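Peer 1: Attaching a single structure in structure tokens format; questions to follow.
The values are calculated or read from the model by the stated rules, or taken from the named source; none is laboratory data. Owing to the predicted nature of the structure, the values given are computational and were not obtained by experimental measurement. No Cβ is skipped: glycine too gets one built from the backbone with ideal geometry, and neighbour counts run over all protein chains shown.
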Amino acid sequence: MPPLRPEPPFLMLEAIEREPALAEQLASDATASRAASEIAALLRSAATSGWPAAVVGCGTSEHVAMAACETWNDAWLAGERAEIAGERAGLAAQRAEIMPERAGVVPAGGGLAPARQGLAAVARQALEAALDPWPGATIGITHEGGSAATVGAMRAARERGARVGVVTAAANGPAAGAAEALLCTGTLDLSWCHTIAYVTPVVAAALVGDALSGHSTEPAALRAPLDAGLDARPSAAALAAGLAGSGVIVVAASGVDRVAGRELALKIEEAAYVPTTFRDLETILHGHVPAMNAATGLVLLLSGGPGLELRAARARQLLGAVGRVGVRSGAILAGPAADAIPDVLLPAGRVTVPTPRGLAAPVASLLATAVPLQLTTYELAVALGTNPDALRREQPQYLAAARAAST
């Protein structure tokens, strides 16, 4: 049980404020880099089995598993493109030597060879993965190292002959004992509304991505978007104030922002006790609007990525539609996405951060939105007078519910 504070600042805020330094520290750790290479080796071994690696977790760690897959699949394709480019360069050199008149000629097309296309990893719900383990490799994501469903999925995979790795802050926990490759993030959250547990494994996933692609990300580049997020705290407080009267909150996102959208929905329910649901941007427009009214708040996450023009157009249509029925909408926006969404569509406010530089596209989006979503949650809890640190377990009925869920 975290120590209960009667008033702000709560432990959750202190954890958020530590995240930039923790990210830079983890990215600078040679031991973590070696462990990332070991996890990357497991991903490569899974590819030879014909199965993508299964990545499993629960709660915030389940969202990190999704984030890791976004990062690793992007890095996997980047690495394959580099390998194919090297092969083509070698082929061109051979042709230049054998047939000078055809120097520089390479096969038409710039895509991947069909046999090499595919995914390095797929996020799976931990209980389902335990019931139906895949061969190849399974990577567990578990902050405290003891989530029963995650450890169960890792053990079931190992029994089937899969290789098993884990990303955790608990180097001596049950999950670490079930894995052959361990990437330790090193710092545990004191608040039960986990925030460090989201950011540090996202950074760890970026290190694994570097090992897959052959790229080397500067530690300062991984820290910068988190510092920028802290600078946006006043805007996060304003957005929280705009949402504070909502009886229910809907979070909308597309692309890689769906990871952050799911995490925001979980954080609000954990910290502020407001019923919150995540919906894909396009999904909301196909039947969910009739359930919304003036008691509904909506938060859009949009950080860029492929297809930004179409994503932004659909987001404007969504915001315009729900505004007609009284929904108060706000947004967390990064880079060019901020210019694509006008203030008139965001009566609850906006948090805007710059596009990070020097990062792979998925990592840039994930880290750009991480601190803004956490600060918006924290400020909403403060506005509503809730304590975000204990998941309401200082109240007997919620403590009893937690015990019933784990007995």
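Peer 1: Quick check on segment 221-242. Is at least one of its residues assigned to a loop (DSSP other than H, G, I, E, B), in the same structural domain as A291 (by TED's automatic domain parsing) and either within 30 Å of T296 (Cα to Cα) or touching a residue at least 24 places away in the same chain (Cβ under 8 Å) (or both)?
Peer 2: To start, the set of residues in segment 221-242 that are assigned to a loop (DSSP other than H, G, I, E, B) comprises 232.
Narrowing further to those that are in the same structural domain as A291 (by TED's automatic domain parsing): 232.
The next check asks that each one be either within 30 Å of T296 (Cα to Cα) or touching a residue at least 24 places away in the same chain (Cβ under 8 Å) (or both); those that pass are 232.
Within segment 221-242, one or more residues are assigned to a loop (DSSP other than H, G, I, E, B), in the same structural domain as A291 (by TED's automatic domain parsing) and either within 30 Å of T296 (Cα to Cα) or touching a residue at least 24 places away in the same chain (Cβ under 8 Å) (or both).
Peer 1: Can you tell me which residue among L359, L318, L399, L333 is over 30 Å from M1 (Cβ atoms), in a helix (DSSP H, G or I) and not assigned by TED's automatic domain parsing to the domain that holds S61?
Peer 2: Values: L359 fails: in a helix (DSSP H, G or I); L399 fails: over 30 Å from M1 (Cβ atoms); L333 fails: in a helix (DSSP H, G or I).
Criteria check complete, one pass: L318.
Peer 1: Please enumerate the residues belonging to segment 41-53 that are among the small types (G, A, S) and touching a Ser or Thr at 6+ places or on another chain (Cβ under 9 Å). Step through it out loud before you land on a result.
Peer 2: Initially, segment 41-53 is screened for residues among the small types (G, A, S), giving 41, 45-47, 49-50, 53.
Within segment 41-53, A46, A53 qualify.
Peer 1: Now for a separate question. Only one of G50, G59 is modelled with pLDDT of 95 or more and at positive phi. Can you tell me which?
Peer 2: Working: G50 fails: modelled with pLDDT of 95 or more.
Step by step, each of G50, G59 is checked, and only G59 is modelled with pLDDT of 95 or more and at positive phi.
Peer 1: Here is a further query. Checking R311 against (1) surrounded by 14 or more Cβ atoms within 10 Å (Cβ to Cβ); (2) over 25 Å from A23 (Cα atoms); (3) under 18 Å from the mean Cα position of the chain (by Cα), which test does it fail?
Peer 2: (3)
Peer 1: Does segment 195-211 contain any residue that is modelled with pLDDT of 95 or more, touching a His at 6+ places or on another chain (Cβ under 7 Å) and in a loop (DSSP other than H, G, I, E, B)?
Peer 2: no
Peer 1: Given the residues A205, A228, which is the only one that is over 21 Å from A383 (Cβ atoms), crowded, with 24+ Cβ neighbours inside 10 Å, touching a helix residue (DSSP H, G or I) at 6+ places or on another chain (Cβ under 8 Å) and of a type in the set (A, V, I, L, M, F, W, C)?
Peer 2: Within the list A205, A228, the selection yields A205.
Peer 1: Please go through segment 317-365 and give me each residue that is small (G, A, S) and more than 17 Å from L301 (Cβ to Cβ), ordered by number.
Peer 2: Filtering segment 317-365 for residues small (G, A, S) gives 320-321, 323, 326, 329-331, 334-335, 337-338, 340, 348-349, 358, 360-361, 364-365.
Answer for segment 317-365, where residues must be small (G, A, S) and more than 17 Å from L301 (Cβ to Cβ): G320, A321, G323, G326, G358, A360.
Peer 1: Kindly indicate whether G140 is in the same structural domain as L182 (by TED's automatic domain parsing) and at pLDDT 95 or above.
Peer 2: Values: in the same structural domain as L182 (by TED's automatic domain parsing): yes; at pLDDT 95 or above: yes.
For G140, the condition - in the same structural domain as L182 (by TED's automatic domain parsing) and at pLDDT 95 or above - is met.
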